[in-house]
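Here's the structure, in structure tokens; my notes come after.
The numbers here are math on the coordinates, done by the rules we state, and not lab data. This structure is a prediction, so every number in the text was calculated from the model and none was measured. In this analysis, Cβ positions are derived from the backbone assuming ideal geometry, glycine residues included, and neighbour counts consider all displayed protein chains.
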Amino acid sequence: MQQVTLSKLAQLVDGEVVGDPDLIIEGIADLEDAGPEHITFLANPKYAGAVKSSKAGAIIVSPEWKKLGKNLVVCADPYLAFAKIATFFSREEKAPIGVSQHAVLEPDVTLGEDISIHPLVYISSGSRIGDRTEIFPGSYVGEDVQIGNDCTIFPNVTILKGTVIGDRVIIHSGTVIGSDGFGYAPSPEGYFKIPQNGIVQIDDDVEIGANCTIDRATFGKTRIKRGTKIDNLVQIAHNVEVGEHTAIVSQVGISGSTKIGNQVILAGQVGVAGHLTIGDRVRVGAQSGIAHSVPPGKDISGSPAIEHRTWLKCSAIYPRLPQMRKNIRDLEKRIEILEKKLNEGK
Amino acid sequence: MQQVTLSKLAQLVDGEVVGDPDLIIEGIADLEDAGPEHITFLANPKYAGAVKSSKAGAIIVSPEWKKLGKNLVVCADPYLAFAKIATFFSREEKAPIGVSQHAVLEPDVTLGEDISIHPLVYISSGSRIGDRTEIFPGSYVGEDVQIGNDCTIFPNVTILKGTVIGDRVIIHSGTVIGSDGFGYAPSPEGYFKIPQNGIVQIDDDVEIGANCTIDRATFGKTRIKRGTKIDNLVQIAHNVEVGEHTAIVSQVGISGSTKIGNQVILAGQVGVAGHLTIGDRVRVGAQSGIAHSVPPGKDISGSPAIEHRTWLKCSAIYPRLPQMRKNIRDLEKRIEILEKKLNEGK
Amino acid sequence: MQQVTLSKLAQLVDGEVVGDPDLIIEGIADLEDAGPEHITFLANPKYAGAVKSSKAGAIIVSPEWKKLGKNLVVCADPYLAFAKIATFFSREEKAPIGVSQHAVLEPDVTLGEDISIHPLVYISSGSRIGDRTEIFPGSYVGEDVQIGNDCTIFPNVTILKGTVIGDRVIIHSGTVIGSDGFGYAPSPEGYFKIPQNGIVQIDDDVEIGANCTIDRATFGKTRIKRGTKIDNLVQIAHNVEVGEHTAIVSQVGISGSTKIGNQVILAGQVGVAGHLTIGDRVRVGAQSGIAHSVPPGKDISGSPAIEHRTWLKCSAIYPRLPQMRKNIRDLEKRIEILEKKLNEGK
């Protein structure tokens, strides 16, 4: 348990204390569960009511809540400040364990300093593990894999031959990096497998969720660039390139050779066809299906995906299709009557 | 191989024997493959024809089939009776293996009686494994995990730090419990990771399929309540709460902080957005996308989801959109003609 | 590194050399990266321009490109020829490692010749592993499993009790074969588990991607037939039968007891309901949802799926729903005016 003054925490996030700067804080909690020893945060105005009844010792708020009458850390971005303070309280100073006697390492593996290779890890020949990197039980590191500094490889991860991983990369359990891409040439005898000889490269500060699959390239590399965050059960096919600071939510699938830009957001269960280019800052609604390239900055939704605003309108009309059809039939009848009358009138 | 009289099986399911109560049954099989030594079942009237040609020694049926002229176990719910008799024949009395010499357990692990910890299992410090629980090869149990009595953890499962699991829980291979939730605060330097300090709690009699991912909470707990059954490749995000006796079919994704009620059915590939409340007994059609909370008892379908009956109608009209558009154009032409005529008539 | 003449490569693919038959080739690369020591290929006419600037030593082309003025291997199917030549250059002659001292095998396992059982593999009793089969670290082989000759089981695969696997089968990391099907009988106390006593059978030349799940049958077998290729994160439920030479793309889900024919293509994220029959050579567009059986040879798309051509038209009209509704309203107004006029005129 850590103990720290409110002024220390404010300093950590470039914030300003309102109330008692010497208040001792021992942890962070959400509005509901926070006690007098906790700091909590107000990032969404809809929880402003809950703030009043909160028992929290202090609250991180934006400047507009300065007069709340509680111990506060006032700062421009309370959500970011919350993340930083939560990180401060989450730090665990654990000594590195070195290489467990129950791990299996081939002879020519290069290990950095202060590493932790847990029991039942396997590391193949030619691999290099950076300083302070931790590899949890059951994970597999193939031949000639490079893993940078300060990485965390959770249990039961599979990192196959030739994968290159940068610094501060986090890979969650069950994820497979470097499986063969899905490539076959049709032949009279059936599908003929195309060897997948490329690699996967994952740049600095990428985080990859649990049970994802990222296929190696046919030639060259499948690449995930700096700062991109990937949720669970995501499929990234061979030769895909994902830009920087992009967010890919759970169960998304990206087909072969597609290029995703920087700061893109793909919501849950989106599918992207192959050989497309999705521009920077494109945002895609959940379950959308993208069959064509998308220029930068667009918001799209639907399957097949269209402009998000058009999709909203169409989605609202869709349940009225039966009424629309009835309206058309009514019109047909009325016109028929008119036509009759006019013809009779002739 | 077990041998048991028909009357013994009838007793097991509160059923009544029609025919020979002393008939010896040695197993259960489906209508097609059953031989004279097997019992089979008729739960769906559409297979009534197949019953006649079945070589089964006996059949589990509902009262309306009492006069089939075969050896029968007659009972109110033949499907449930089938499940119970199949369970009877599936019981394997295997002696617990204790802790394999090829498993790796940290010193301060608490183990119940009659456990089976198979080779290549890793159990971290502070964990507690209940009586008669079996953990298969390659599975990982993190720090301070609690697993109850009579649980089955299949091979290559990952159960991370602090997870709490009740009694009679079954977790299939490749599933990850307690991976970090997908939470970041945007910052000028990119996504800033929000520490995920909560846990996952799984209550009694839950079954979780293969290669699922259930993320730990940011604060507090992600929770799956009693009796709920989850199929393969399902994603459950941080702080989700799933009620009792709910069924979640394969490849469903549930976003953060959503509450799913009791006895809900989510069909395959459904997506549920975050921070929603899905009421008790709601049923959701396959591939639906839920963007709003749903009151109890509703049947919904579609993406975005609407009332199931409306969706059925709209889905039937959708393929006629080209015809509807043509109808509208025809109407326009006919009106134009009418308008002309009337104006000329002036 | 292998060195081979162009004429040798042409022979390998039943092709004809144009240019220098004695040119030494050391590998294969794509158009962009190929150097003078590489052969590359032109399978898609849209890259014909890139061919001219390519530095490749030789190019695999179809007869129409015979006069390109470069060293060529001319053949009927350049893509298939590329696959074969790439396979030639990918061959690695690695000596089998036998059984690692860090693998755990129960006593009554039957092993073929020239096998490689890597460290941290577990093989249960009664299993049989064929000649030249390789099982990578962290994989689990349950009781009474049969694996044929020349198979590759990548790291962290789970193959459960009773599974039968043919020859030349490739299973990628994280995949689970033989997990319990999702079957319960509703009862007053909640879902009652139906024992899943069947097996999974995987025939010759099947390849299964990473993190897939293939459930065992309730009775009998779940079966994947010869030559079928399955991408990553695919779910195949209990008692499904997939035909020969079928391609199932990433994140597809197939529900229980459905039969998929031969040479079917299911694109990414498709869902197929249970107890259906999908005919031979059916092709299904990405994200489609199939609720009814499909006769052979059909192309279908959409959720629910309809004829692909109809779906294309409807998808193009969908974004114009707001306009269509406006058109209907306009028509209503115009008709109202006409009706008034005519009534006044009376």
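How long are the semi-axes of the equivalent ellipsoid of the stretch C:225-311, defined as square roots of 5 times the Cα gyration tensor eigenvalues? Whole Å, largest first.
Details: eigenvalues 57, 34, 31 Å².
So the equivalent ellipsoid measures 17, 13, 13 Å along its semi-axes.
The ellipsoid equivalent to the alpha-carbon distribution of the stretch B:1-81 has semi-axes of 17, 15, 11 angstrom, derived from the gyration tensor eigenvalues as √(5λ) and listed largest first.
For the stretch C:1-109, GluC sites (Glu not before Pro) meeting the loop criterion (DSSP other than H, G, I, E, B) and having at most 12 other Cβ atoms within 10 Å: C:Glu92, C:Glu93.
Local charge for A:Thr228 was computed over the other residues whose Cβ lies under 12 Å away, with Lys and Arg +1 and Asp and Glu -1, and equals -3. Applying a threshold of 30 Å to the alpha-carbon distances of B:Lys8/B:Lys52; A:Lys94/C:Lys94; A:Lys221/C:Lys161; A:Lys52/A:Lys298; A:Lys326/B:Lys341; A:Lys298/B:Lys298 flags A:Lys94/C:Lys94; A:Lys221/C:Lys161; A:Lys52/A:Lys298; A:Lys298/B:Lys298 as lying beyond it.
In nanometres and ascending order, the distances from the C:Asp108 label point to those of the other copies are 4.3, 4.3 (point 7 Å from Cα along Cα→Cβ). Note on chain C: antiparallel DSSP beta bridges, both residues inside, total approximately 15 percent of the bridges counted.
Across peptide B:196-204, the mean count of Cβ atoms from other chains lying within 10 Å of each residue's own Cβ comes to 1. Across identical copies of the chain, A:Leu12 has label-point separations of 5.9, 6.0 nm, listed in ascending order, with the point defined 7 angstrom from Cα along Cα→Cβ. Comment: the Cα-to-Cβ extended label point of B:Lys313, at 7 Å, lies 2.4, 2.4 nm from its counterparts in the other copies, nearest first. Reducing the stretch B:137-182 and the stretch A:231-250 to their Cα centroids gives an inter-centroid distance of 27 Å.
Averaged over peptide A:226-237, the number of partner chain Cβ atoms lying within 10 Å of each residue's Cβ comes to 6. Checking the cross-link pairs A:Lys229/A:Lys313; B:Lys55/C:Lys225; C:Lys259/C:Lys313; A:Lys333/C:Lys340 against a 25 Å limit on the alpha carbon distance flags A:Lys229/A:Lys313; B:Lys55/C:Lys225; C:Lys259/C:Lys313 as lying beyond it. Spatially, the stretch C:10-27 and the stretch A:48-92 are offset by 71 Å when compared through their Cα centroids. Proximity of backbone amide H atoms, modeled 1.01 Å from N, is registered between B:Gly289 and B:Gly271, B:Gly302, B:Ser303, B:Ala305 at under 5 Å, excluding neighbours fewer than 5 places apart on the same chain. The residue among B:Gly27, A:Ile28, A:Leu321 whose Cα reaches farthest toward the positive pole of the charge dipole of the protein assembly as shown, with charges on the beta-carbon of Lys, Arg, Asp and Glu, is A:Leu321.
Projecting the Cα positions of C:Leu160, C:Gly174, C:Ala185 onto the charge dipole of the stretch C:144-256 (unit charges on Cβ atoms of Lys, Arg, Asp and Glu, taken about the Cα centre) puts C:Ala185 furthest along the positive direction.
If R0 is 56 Å, the Cβ-Cβ spacing of B:Gln323 and A:Lys46 corresponds to a FRET efficiency of close to 0.75. Just so you know, the Cα atoms of the protein assembly as shown work out to an Rg and Dmax of 31.3, 103 Å. Charge tally for B:Gly174 (other residues, Cβ to Cβ under 15 Å; Lys, Arg +1; Asp, Glu -1): -3. Per residue of A:87-96, other chain Cβ atoms within 10 Å of the residue Cβ number 1 on average.
Excluding C:Asn239 itself, what net charge comes from residues whose Cβ is under 10 Å from its Cβ, given Lys and Arg +1 and Asp and Glu -1? Taking every Cβ under 10 Å from that of C:Asn239, the sum is +1. Legend: calculated FRET efficiency, C:Asp299 to A:Glu332, from the Cβ-Cβ distance at R0 = 45 Å, rounded to 0.05, equals 0.85. Taking packing as the residue-averaged number of other Cβ atoms within 10 angstrom, the listed peptides C:268-280, C:138-150 run from highest to lowest as C:138-150, C:268-280.
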